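No value in this document is a laboratory result; all are computed from the given coordinates. Quick caveat, the model's predicted, so the values are computed rather than measured. Neighbour counts are summed over all protein chains in view; Cβ atoms, including those assigned to glycine, are modelled from backbone coordinates with ideal geometry.
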Amino acid sequence: MAAEARERICKLIRSGMTTADLDELGGEVIRSMGGVPSFLNYRGYPGNICISLNDEVVHGIGRRDRFILKGDIVSVDVGVSFEGGVGDTAKTVYVGDDPMPANIERLLRFTESALEAGLAAAHPGGYVQDISRGVEMEAKRGNLGIVEEYVGHGCGMKLHEPPDVPNYVQHRKGPRLVSGMVLCVEPMLNLGSRRVYMESDGWTVRTRDGEPSAHFEHMLLITENGTEVLTRV
């Protein structure tokens, strides 16, 4: 449901709409499927979905005075609650005419390929660090800044569960990957520096140098025989 909602919401993005318009449409899409927006009122978050434009990294709030314009990139993070389960997934799209600028194409291409590299590195019996290494290597190949303050996470019964899934290699291996684990792998990569800061609204995270940022996220299930990506369509 989360995957389908993500795709339907992304197809509704138009130049000239406000991010508040998109947030309302996102809520309508999720509810029309029988779900509930997981983010709404989560730790006080005021939106149905997270909408982050250009240099906004994550957790952007829909606003009446924020317009989506041609040439923008829009990151849509969608959470769906349904019958005691939670789905969490994200995608960044370009709003404008083809071809997109080369630097934006590189940002989106390598952020998505970093996600795929992290997913491919996950194996039962391995460690969370394997996922982190896969993401980091691809991000470096694309010469992108890796946001360190915000990471992937466990998910399933609650929106955020242990363990953390960093997008860079740390000194510790992290937990072992065992059958039944559900993890959100979500690279947040910047065209410039990895440095970020939080806006005065207490939610919106932006790049310090004003360079664009992209965000892609899938949920990964560890099984006895391998892995399954739950949020593909």
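A few notes on this one:
- Using alpha carbons only, the radius of gyration of the chain set against its Kirkwood radius gives Rg/Rh = 0.95.
- Förster-model FRET efficiency, 45 Å R0, Ser32 and Ala120, C-beta, rounded to 0.05: 0.85
- Efficiency of FRET from Cβ geometry, Arg176 and Val233, R₀ 25 Å, rounded to 0.05: 0.25
- Between Leu189, Leu108, Leu12, the Gaussian network model of the chain with springs among Cα atoms under 10 angstrom shows the greatest mean-square fluctuation at Leu12.
- Put simply, when 46-53, 195-202, 22-29, 96-103 are sorted by average Cβ atoms within 10 angstrom per residue, most first, you get 46-53, 22-29, 195-202, 96-103.
- Net length gained if the chain between Leu40 and Met198 were fully extended (0.36 nm per residue, minus Cα distance): 54.9 nm
- Cleavage-rule hits, GluC sites (Glu not before Pro), the range 43-113, DSSP coil, Cβ neighbours within 10 Å at most 12: Glu83
- Under the combined filter of DSSP loop state and at most 11 neighbouring Cβ atoms within 10 Å, the range 35-85 retains these trypsin sites (Lys or Arg not before Pro): Arg64, Lys70.
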